[in-house]
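Read the structure below first, then the notes.
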Amino acid sequence: MPELPEMEAWRRALDAPVSAFPIEKAGPAHIATLKTIDPPLAALEGRRLAGAERRAKRLLFPTEDGELVLLVHLMTAGRLRYVTASEKGPKTPAFRLRFQGGAELVLTEAGKKKRAGVWLLTPEAAAAELAHLGPEALGLGAEQLGEIFSTESRRLHSLLRDQRVIAGIGRAWANEILHVAQLSPYALSRDVGPREVERLATAIDSELERGLELRERGANDKRTYRIHNKLGEPCHVCGTPIARVDFEEHTIYYCPDCQTGGRVLKDRRLSRLLR
């Protein structure tokens, strides 16, 4: 799933193009992709977007008149692309906006499952839709992170991925951040001391900023990630082979030497979870 660095890179790339021309045609949209029917997509036609904004892992496109907000959540396989008038776009995207002059904003989604979503909302409804999200991860700081830890008792990898607690981090960047902070993904937040909180807050900013810089330069996953999806490869810090823990919906990657004192973590499916 695209996370804060990827979403922010897309936001910056889309901000100017989507506001250049009024919308000529809104839609069509796949029945599973469009999550709202009132107001109808046609209400966008003739209006101009004010640009692109981001909240956590969602992109928002408010209209220039302030009356509507187009909200897009890409989920795992969704991708959003601005196609110029001279380019050839996909024939049947999950969602399409055509601008005057021929350019298009298109949403595609790989695979058979259609999980990406598009909402057309009033500003008030958009605020309500996003109200459950926690503070943005980038710039969170040690003080605010410490306050969160004082009210939570969760394993760090799970806590970092909880959008209601901290917004913008998913499984991949949680892996990268915890490695830099030299913390076990299984460590409990209540057991993390002040120095470790400081180290983790610094790692959150440094890794998300690193990811954003690389994504803006067009770096792929292989060039961007140093821990995530690197099973068996040597840790770039100590050379220990990267290990993995598998769960139903996500996978944790970590360095046993840098993060767990040499211990190999086991997943619940093996019923040998190390504490």
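The values are calculated or read from the model by the stated rules, or taken from the named source; none is laboratory data. In this text, all values refer to a predicted model and were calculated from it rather than measured experimentally. Because the Cβ atoms are built from the backbone with ideal geometry, glycine has one as well, and the counts that use them run over all protein chains shown. Protein only, heavy atoms only, side chains kept; ligands, DNA and RNA dropped before computing areas. Shrake-Rupley method; radii C 1.70, N 1.55, O 1.52, S 1.80 Å.
Taken over the stretch 231-275, the residue count meeting the criterion of being of a type outside the set (Gly, Ala, Ser) and either modelled with pLDDT under 90 or within 17 Å of Ser158 (Cα to Cα) (or both) is 23.
To keep it simple, each residue is scored yes or no on (1) surrounded by fewer than 19 Cβ atoms within 10 Å (Cβ to Cβ); (2) of a type in the set (A, V, I, L, M, F, W, C); (3) over 18 Å from Glu3 (Cα atoms).
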residue: Thr76; (1), (2), (3): yes, no, no
residue: Tyr82; (1), (2), (3): no, no, yes
residue: Lys88; (1), (2), (3): yes, no, yes
residue: Thr92; (1), (2), (3): yes, no, yes
residue: Ala103; (1), (2), (3): no, yes, yes
residue: Thr108; (1), (2), (3): yes, no, no
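When the stretch 46-59 is filtered for residues that are open to solvent by 70 Å² or more (accessible area, probe 1.4 Å) and assigned to a loop (DSSP other than H, G, I, E, B), only Arg48 remains. For the stretch 138-193, filtering for residues that are closer than 21 Å to Trp10 by Cβ and aliphatic (A, V, I, L, M) leaves 7. Checked across the stretch 128-151, the condition of being free of Cβ contacts under 8 Å to residues at least 12 places away in the same chain, touching a Leu at 6+ places or on another chain (Cβ under 9 Å) and surrounded by fewer than 20 Cβ atoms within 10 Å (Cβ to Cβ) holds for at least one residue. Would you pick out the residues in the stretch 21-38 that are within 18 Å of Ala127 (Cβ to Cβ) and open to solvent by less than 30 Å² (accessible area, probe 1.4 Å)? Result: Thr36, single match.
Output yes when any residue across the stretch 205-220 is hydrophobic (A, V, I, L, M, F, W, C) and more than 26 Å from Arg12 (Cα to Cα), and no when none is. Scanning the stretch 205-220 turns up no residue that is hydrophobic (A, V, I, L, M, F, W, C) and more than 26 Å from Arg12 (Cα to Cα). With more than 20 Å from Val264 (Cα to Cα), open to solvent by 10 Å² or more (accessible area, probe 1.4 Å) and either modelled with pLDDT of 95 or more or of a type outside the set (S, T, N, Q) (or both) as the only criterion, which of Asp162, Asp191 stands out? Exactly one of Asp162, Asp191 is more than 20 Å from Val264 (Cα to Cα), open to solvent by 10 Å² or more (accessible area, probe 1.4 Å) and either modelled with pLDDT of 95 or more or of a type outside the set (S, T, N, Q) (or both), namely Asp162.
Let's see how each residue does on (1) among the acidic types (Asp, Glu); (2) touching a residue at least 12 places away in the same chain (Cβ under 8 Å); (3) in a loop (DSSP other than H, G, I, E, B):
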{"position": "Gly211", "(1), (2), (3)": "no, yes, no"}
{"position": "Arg215", "(1), (2), (3)": "no, yes, no"}
{"position": "Arg223", "(1), (2), (3)": "no, no, no"}
{"position": "His228", "(1), (2), (3)": "no, yes, yes"}
{"position": "Cys238", "(1), (2), (3)": "no, yes, yes"}
{"position": "Val245", "(1), (2), (3)": "no, yes, no"}
{"position": "Ile252", "(1), (2), (3)": "no, yes, no"}
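The criterion of being aliphatic (A, V, I, L, M), under 21 Å from the mean Cα position of the chain (by Cα) and assigned to a loop (DSSP other than H, G, I, E, B) holds for Leu133. For the stretch 95-107, the criterion of being closer than 29 Å to Ala174 by Cβ, in contact (Cβ under 8 Å) with a residue 24 or more places away in the chain and polar (S, T, N, Q) is met by no residue. When each of Trp119, Trp173 is tested for being more than 15 Å from the chain's Cα centre (by Cα), crowded, with 16+ Cβ neighbours inside 10 Å and aromatic (Phe, Trp, Tyr), the lone residue that passes is Trp119.
Can you say whether Asp65 is over 20 Å from Ala116 (Cα atoms) and surrounded by 15 or more Cβ atoms within 10 Å (Cβ to Cβ), as far as the supplied structure shows? No: the conditions fail for Asp65. Counting only residues that are in a loop (DSSP other than H, G, I, E, B) and open to solvent by 30 Å² or more (accessible area, probe 1.4 Å), the stretch 254-268 holds 5 of them.
Of all residues in the stretch 1-20, those that are within 25 Å of the chain's Cα centre (by Cα) and either free of Cβ contacts under 8 Å to residues at least 60 places away in the same chain or open to solvent by 30 Å² or more (accessible area, probe 1.4 Å) (or both) total 9.
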